[in-house]
Amino acid sequence: MTQDELKQAVARAARDYVADRLPVGAILGVGTGSTANFFIDEIASIKDRLGGTIASSAATAKRLEGHGIRVLDLNDIEAIGIYVDGADEIDASMAMVKGGGGALTREKIVAAVAGTFVCICDATKRVKTMGGFPLPVEVIPMARAYVSRELTKLGGTPKLREGMVTDNGNLILDVHGLSITDPVGLEERINQIVGVVTNGLFAQRGADVLLLATADGVQTHVRPGR
Ligand code: 5RP
């Protein structure tokens with residue numbers, strides 16, 4: 001199977017998950033990226049069951065609206081039943097690295113509000129130790145050089161993502177060379193650097209459910225203790 005076929009398969013499985021578990025009229029959070037795009041195309045078929053969606057990026061909002069799916073303002077709603085999004089890496093504790101598409105801050109906000117976070121990805125994203133994928137950090141533009149120096153002290157090599165301005169008007173530093181053995185601690189530590197908006201570690205609030213596309217089918221993993 002090609003990677004796109006795996007993404008398509010997991011997107012279909014996520015649509016079925018939502019159709020089975022999200023009460024009619026409830027709000028769905030929708031992620032960003034190529035896997036999320038397959039998911040958006042799939043949920044066009046169940047749009048009449050949704051009370052509306054919360055988009056994690058301007059690109060996602062545009063794609064949802066292109067299908068005639070209602071996109072709401074997060075400030076106008078109180079709860080998101082399920083949030084479906086991809087990841088760049090996910091470990092056994094269901095902590096993730098996200099932000100390959102630069103939407104990490106809005107994704108983290110949607111994840112914070114969501115009752116259930118469903119991560120959708122193919123098996124290449126499942127890793128023992130995260131850090132192989134450079135960790136995205138969203139920074140206020142005037143703090144770029146200071147934050148870079150602080151991230152270097154933590155053992156990483158930050159590189160400015162050229163040509164990238166986030167939906168929030170900020171920059172992305174991609175931190176190479178980290179071996180993330182304490183995802184919760186590192187997420188907290190990086191977020192304490194003044195000038196950081198947030199970082200792409202989703203460990204304090206990781207995924208609740210992982211739908212993992214493999215050549216043998218889509219596996220469902222539930223976070224231990226949930
Ligand atoms: C965007 C993200 C994406 O979920 C992540 O980059 C995975 O993307 P893709 O499905 O294209 O591999 O965090 O900010």
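How many residues are assigned to a helix (DSSP H, G or I), more than 16 Å from the ligand (Cβ to nearest atom) and closer than 17 Å to Glu107 by Cβ if we restrict to the stretch 19-74?
The qualifying residues number 1.
Can you confirm whether Val97 is away from the ligand (no atom under 11 Å from the Cβ), open to solvent by less than 60 Å² (accessible area, probe 1.4 Å) and at pLDDT 95 or above?
No, not satisfied.
Can you find even one residue in the stretch 134-148 that is at pLDDT 95 or above and part of a loop (DSSP other than H, G, I, E, B)?
yes
Mind listing whichever residues of the stretch 112-137 are small (Gly, Ala, Ser) and either open to solvent by 40 Å² or more (accessible area, probe 1.4 Å) or within 13 Å of the ligand (Cβ to nearest atom) (or both)?
Within the stretch 112-137, Ala112, Gly115, Ala123, Gly132 meet the criteria.
Give the residues of the stretch 192-206 that are open to solvent by 40 Å² or more (accessible area, probe 1.4 Å) and more than 17 Å from the chain's Cα centre (by Cα), sorted by residue number.
Gln192, Val194, listed by residue number.
From the list Glu150, Glu78, which one is open to solvent by 20 Å² or more (accessible area, probe 1.4 Å) and either within 19 Å of Arg189 (Cα to Cα) or within 16 Å of the ligand (Cβ to nearest atom) (or both)?
Being open to solvent by 20 Å² or more (accessible area, probe 1.4 Å) and either within 19 Å of Arg189 (Cα to Cα) or within 16 Å of the ligand (Cβ to nearest atom) (or both) holds for just one of Glu150, Glu78, which is Glu150.
Of the residues Ser57, Ser34, which is under 22 Å from Phe202 (Cβ atoms), surrounded by fewer than 22 Cβ atoms within 10 Å (Cβ to Cβ) and under 15 Å from the mean Cα position of the chain (by Cα)? Before you say what the answer is, go through the steps one by one.
Numbers: Ser57 fails: surrounded by fewer than 22 Cβ atoms within 10 Å (Cβ to Cβ).
When all the criteria are applied, what remains is Ser34.
Could you please give the count of residues in the stretch 191-223 that are modelled with pLDDT under 95 and farther than 25 Å from Phe39 by Cβ?
So the count comes out to 0.
Name the one entry in Ile140, Ile109 that is out of contact with any strand residue (DSSP E or B) (no Cβ under 7 Å at 6 or more places or on another chain) and more than 9 Å from the ligand (Cβ to nearest atom).
Within the list Ile140, Ile109, the selection yields Ile109.
Any residue in the stretch 168-190 that is at pLDDT below 95 and buried (at least 22 other Cβ atoms within 10 Å of the Cβ)?
yes
For Val84, state whether it is within 15 Å of the ligand (Cβ to nearest atom) and either touching a helix residue (DSSP H, G or I) at 6+ places or on another chain (Cβ under 7 Å) or in a strand (DSSP E or B) (or both). Outline the logic, then answer.
Details: within 15 Å of the ligand (Cβ to nearest atom): yes; either touching a helix residue (DSSP H, G or I) at 6+ places or on another chain (Cβ under 7 Å) or in a strand (DSSP E or B) (or both): yes.
So Val84 passes the test.
The values are calculated or read from the model by the stated rules, or taken from the named source; none is laboratory data. In this text, all values refer to a predicted model and were calculated from it rather than measured experimentally. Quick reminder, even Gly has a Cβ in these numbers, built from the backbone with ideal geometry, and neighbours come from all protein chains shown. For accessibility, only protein heavy atoms count, side chains too; no ligands or nucleic acids. Shrake-Rupley method; radii C 1.70, N 1.55, O 1.52, S 1.80 Å.
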